[in-house]
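The values are calculated or read from the model by the stated rules, or taken from the named source; none is laboratory data. This structure is a prediction, so every number in the text was calculated from the model and none was measured. In this analysis, Cβ positions are derived from the backbone assuming ideal geometry, glycine residues included, and neighbour counts consider all displayed protein chains. Just the protein is used for accessible areas: all its heavy atoms, side chains included, with ligands, DNA and RNA removed. Shrake-Rupley method; radii C 1.70, N 1.55, O 1.52, S 1.80 Å.
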Amino acid sequence: MKKALVFAMLIAVITAASSVSAQTIVKGHVVNERGETVEYVSIGFEEDSVGTISDAKGNFELEIPANRKNDLVFTHVSFQKTIVPYETYSNGQQLKVTMKDKVVELAEVVVGKKNKPQKIVGKTISGPVASFRGKGKIDGAEWGPVFKSKKDYVISDILLTVKGISYQWCVLSFNIYEIQGGKFVNILNKPIYHRIEKSNSKQRLDIQPEETIVLRGKRKYYISVMVVDSDRYGILDMQSQFKTSYARNITKGKKRKLPIGPAIMVQGYEIEK
């Protein structure tokens with residue numbers, strides 16, 4: 001009986017070892033056409049749970065199960081989608097992935113004479129705490145509300161209340177999409193990154209975009225936030241609101257509609273016609 005038990009355990013260990021050894025570990029570095037580092041790139045398989053995000057220096061490491069032989073997909077708001085075939089990464093060599101620029105044409109606008117920013121989307125009924133948990137790169141998951149812009153605006157401020165943070169520091173990424181027939185089309189040239197430090201009290205973030213972000217009247221938009229980097233495993237608690245929101249995985253493009261989300265508020269200047 002003891003011999004049979006030992007033999008069974010040995011078989012289990014060998015099987016587990018074989019499973020681990022069959023995995024492919026892909027490491028690499030992501031750059032643009034000028035050889036400059038591209039930070040926080042989403043890397044993974046479309047319609048699959050396997051994925052990661054490159055770090056602030058463009059480096060990444062991805063453990064791929066033995067049964068996956070799909071092409072690797074690299075996505076970033078500022079660049080065209082890049083595909084790396086299975087044959088290229090399957091040998092486990094260090095990859096250097098070059099992404100081509102994707103330029104969003106900025107509209108020429110004239111801001112109205114009203115100098116005071118107006119509320120475009122604001123907090124509604126407050127809900128329980130909305131949280132991100134993990135060590136940065138939280139599965140490429142972004143979260144935020146859907147809203148309609150009543151008039152044409154240029155965004156001046158993006159506001160968010162952080163109620164608690166256990167990280168020593170973390171980096172947030174904000175993105176804004178126009179929803180076109182169910183598709184999420186990013187309207188930014190570059191995500192808005194914002195680093196926050198640990199604090200014992202709540203923090204009121206007021207982020208003022210560097211680029212000109214135009215919202216057109218009577219169009220539907222989605223503004224999201226996600227944690228893309230941090231020093232350790234931790235929790236980020238945000239003020240939430242009862243407003244139609246989406247939790248969306250940017251690597252796979254999958255989304256889930258929710259009745260609650262982080263209370264992101266947006267202000268802007270009305271554009272003259």
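Keeping all protein chains in the complex and leaving out DNA, RNA and ligands, what accessible area do you get for Ser131 with a 1.4 Å probe, in Å² to the nearest 10?
It works out to around 40 Å².
Expressed as a whole percentage, what fraction of the accessible surface of the stretch 203-244 belongs to carbon and sulfur atoms when a 1.4 Å probe is rolled over the protein heavy atoms? Each step should come with its number before you reach the end.
Values: 730 of 1900 Å².
Carbon plus sulfur share of accessible area: 39 percent.
Over 20 Å between Cα atoms: which of Lys202/Lys254; Lys220/Lys257; Lys119/Lys148 fall into that group?
On the way: Lys202/Lys254 31 Å; Lys220/Lys257 15 Å; Lys119/Lys148 12 Å.
Flagged as over cut-off: Lys202/Lys254.
Of Lys116/Lys255; Lys100/Lys151; Lys102/Lys183, which sit over 26 Å apart, Cα to Cα?
Lys116/Lys255; Lys100/Lys151
What distance in nm separates the simple spin-label points at Thr212 and Arg68, each placed 7 Å from Cα in the Cβ direction?
Going by the 7 Å Cα→Cβ label model, 4.2 nm.
Could I have the simple spin-label model distance between Lys254 and Val50, label points 7 Å from Cα toward Cβ, reported in nm to one decimal?
1.5 nm
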